Amino acid sequence: MIQYATALRLGTADAETILKRFTRSPFPHPTYHAIIELGKVIKTIFLCQYLQEEALRREINDGLQVIENWNSANDFIFYGKGGEMATNRLEDQEVAVLALHLLPIALVYINTLMLQHVLADPAWRARMTPRDLQALTPLIYLHINPYGTFHLDMQARLRFEAA
């Protein structure tokens, strides 16, 4: 097991090659069986820690909430065609996925600028508690209208002061 773990860590072998070596024979390789058992032990240890430590449960839940928020923003942005790829053409799918990466990033960037602009005002900053600041995220999208006409003027700038 140590030999295979070292090979993976050093990059002298990749996981696919090692798995092929283990599954080549109809009989399970003893090292493969040992790695499966070790994985079960590690999973059991993690589950025990998860059940015992409330802080770990909160951390995992907070991380899941961030991912769920990101996924819901992507669903909101990718509303056309019910959020499904409308074509089997690889090029069209690639453009759709690239756009789906670009739009949330642009949304977060603009929202960050707007939040910085608002929080630069001492009156607004004073109203924020530490808990409010901790919960603040630039991944908000309820102020966006995904339906309608958009006028893009590349010569006009957003009215934000330099941060």
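The values are calculated or read from the model by the stated rules, or taken from the named source; none is laboratory data. Keep in mind that what you see is a predicted model, and the values were worked out from it rather than measured. Cβ atoms come from the backbone with ideal geometry, glycine included; neighbour counts cover every protein chain shown. Calculation scope for accessible area: heavy atoms of the full protein, side chains included, ligands and nucleic acids excluded. Shrake-Rupley method; radii C 1.70, N 1.55, O 1.52, S 1.80 Å.
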With Cβ to Cβ distances under 15 Å as the rule, what net charge do the other residues near Pro28 carry (K, R +1; D, E -1)?
-> +3
Heads up, I need the accessible area for His143: 1.4 angstrom probe, whole protein in place, Å², nearest 10.
-> 100
Find the centroid of the Cα atoms in region 1-63 and in region 120-163, then give the distance between the two in whole Å.
-> 43
Note down the nm distance, to one decimal, between modelled labels 7 Å out along Cα→Cβ at Leu47 and at Thr31.
-> 2.8
What angle, in degrees between 0 and 90 and rounded to the nearest 10, separates the Cα long axis of helix 90-119 from the longest principal axis of the Cα atoms of the chain?
-> 50
Leu8 paired with Asn88, simple spin-label distance in nm, labels 7 Å along Cα-to-beta-carbon | 3.6
To the nearest 10 degrees, the tilt of helix 30-52 (Cα long axis) against the first principal axis of the alpha carbons of the chain is 40
What part of the accessible area of the chain, given as a whole %, is carbon or sulfur when the probe is 1.4 angstrom?
-> 61
Determine, from the Cβ-Cβ distance of Leu136 and Leu100 and an R0 of 22 Å, the FRET efficiency 1/(1 + (r/R0)^6), rounded to the nearest 0.05.
-> 0.35
Calculated from the structure, volume of the Cα convex hull per residue in Å³ equals which of [x] 201; [y] 113; [z] 262?
-> [z]
Relative compactness, region 71-148, computed as alpha-carbon Rg over 2.2 N^0.38 Å | 1.43
Charge context of Gln65, other residues only, Cβ under 13 angstrom, K/R +1, D/E -1 | -1
